[in-house]
Amino acid sequence: MVYEFSRTPMHEIIETLKADGQTDIAFTVLKPDLGSGHYAGEEIKINRETYFHHSLKSWCALAELLGYRMLLPQPATHPLVTIRYQRLQPVSSFHTDAVEEITEKYGSLSIFARINKLEEPSFAWHYHHALEAVNIHTRRQILNLGINKGYEFLGIRRHTGETLFGDMELTGVDHSRSAIAQARENLPYPNVSLYCHDINALAALQLPRQDLILSISTLQSPGIDTKPLIMSLVQEQLSPTGAILFGFPNARWIDGELIHGAKAPNYPYPEMSLLIKDIYWIKKYLQQHKFRVTITGREYLFLTATKIGTRG
């Protein structure tokens with residue numbers, strides 16, 4: 001069945017598709033390109049017929065909210081186009097992936113190992129700007145907590161260029177043996193040191209004070225007591241003029257798709273109270289220690305902090 005939604009308000013479309021629930025859904029709408037510059041739901045007259053405009057972005061957003069991926073639209077009778085949705089399969093999400101050894105939940109054999117965040121525009125764009133916010137070109141000692149396969153360091157290398165990257169001393173820590181092994185393959189550089197080690201026991205590594213401490217998707221992990229760790233990092237691991245770049249996932253990965261909104265336990269929908277609580281506490285703590293703090297991003301929220309009164 002192909003629905004016809006060219007003159008249907010959005011609330012009716014949502015209720016119809018929610019009730020359908022099929023693996024594949026198709027419906028015809030006004031070609032989005034014909035309404036460029038119009039707002040969602042605005043009427044457009046074509047050959048004396050009235051249609052409701054919705055952009056291609058609107059149809060992509062609706063697919064995500066309903067738990068579908070949007071496939072390539074297909075031609076239909078002018079001025080319509082056929083929008084096609086395919087249901088996402090949650091069984092292929094690493095979030096529910098069962099493992100025998102907890103430290104290998106994000107290891108090289110996990111579903112997570114297939115993910116390269118740098119290839120997602122919503123991550124790469126905001127990560128690039130977060131690196132700028134911490135003045136990455138002035139940093140020499142850089143520590144990455146929860147480095148996994150090392151993609152964040154590769155992002156720094158692309159951002160700064162080969163020469164400047166070569167002048168840095170970069171250290172990565174992760175509790176997954178297989179992830180560290182993969183990071184060593186991805187980062188075969190003499191200025192990169194990698195440790196399979198518990199982040200809660202950083203003092204045992206006897207690392208020098210760092211110019212930048214970086215951590216993406218790690219601080220809210222089970223087994224990490226966030227507040228004591230943050231205080232320890234600021235007081236014992238960071239240099240007096242050092243900076244911080246933390247990334248918090250506000251998304252899930254399902255069936256190959258990055259879906260906005262972190263799923264909280266005991267809720268059937270994204271719920272951000274814990275995420276906001278943690279970010280707010282970190283922001284407030286860093287501000288009390290004379291840091292200038294910014295929070296940016298969407299699917300990933302990036303908290304950057306630099307010392308007030310310093311440029312490096």
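Key figures
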read-out: Positive-pole candidate from Ile111, Gln237, Thr218, dipole of the chain, charges at beta carbon; value: Gln237
read-out: At R0 = 45 Å, FRET efficiency that the Cβ-Cβ distance of Thr241 and Ser36 yields, to 0.05; value: 0.40
read-out: Per-residue Cβ neighbour rank within 10 angstrom, fewest leading, Arg48, Arg158; value: Arg48, Arg158
read-out: The chain: calculated mean residue ellipticity at 222 nm from DSSP helix runs of at least 4, using -39500 (n - 2.57); value: -8000 deg cm²/dmol
read-out: On Cα atoms only, tilt of 177-186 relative to the major axis of the chain in degrees; value: 80
read-out: Calculated P(r) tail over 24 Å for the chain, as whole % of Cα pairs; value: 60
read-out: Modelled label reach - Asn191, point 7 Å along Cα→Cβ, the stretch 197-226 residues with backbone N closer than 15 Å; value: 211-212
read-out: Length-normalised contact order of the stretch 189-268 in % [C-alpha pairs under 8 Å, at least 6 apart]; value: 29
read-out: Charge sum, other residues only, whose C-beta stays under 11 Å from Pro73's C-beta, Lys/Arg counted +1 and Asp/Glu -1; value: +1
read-out: In nm, spacing of pseudo-spin labels at Asp225 and Ile308 (7 Å Cα→C-beta vector); value: 3.0
read-out: The stretch 2-87, relative contact order [Cα under 8 Å, separation at least 6], %; value: 32
read-out: Simple Cβ-charge dipole of the chain, Lys/Arg +1 and Asp/Glu -1, about Cα centre, in debye nearest 20; value: 840
read-out: At q = 0.14, 0.15 Å⁻¹, base-10 log of I(q)/I(0) for the stretch 2-87 (Debye sum, equal scatterers on each alpha carbon); value: -0.43, -0.49
read-out: Förster-model FRET efficiency, 45 Å R0, Leu154 and Asp20, C-beta, rounded to 0.05; value: 0.60
read-out: Inter-site label distance for Glu4 and Lys57 at 7 Å from Cα along Cβ, in nm; value: 3.0
read-out: Taking the C-alpha atoms of the stretch 174-312, convex hull volume expressed per residue in Å³; value: 139
read-out: Set Lys105/Lys307; Lys149/Lys277; Lys31/Lys149; Lys117/Lys227; Lys263/Lys283; Lys277/Lys307 screened for pairs whose C-alpha atoms are more than 31 Å apart; value: Lys105/Lys307; Lys31/Lys149
read-out: Cβ-based net charge around Thr82, under 14 Å, with every Lys or Arg adding one and every Asp or Glu removing one; value: 0
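Here, each number is a calculation from the coordinates, and none is a lab measurement. On a predicted model such as this, the values are computed, not experimentally measured, just so you know. Glycine gets a Cβ as well: all are built from the backbone with ideal geometry, and neighbour counts include every protein chain shown.
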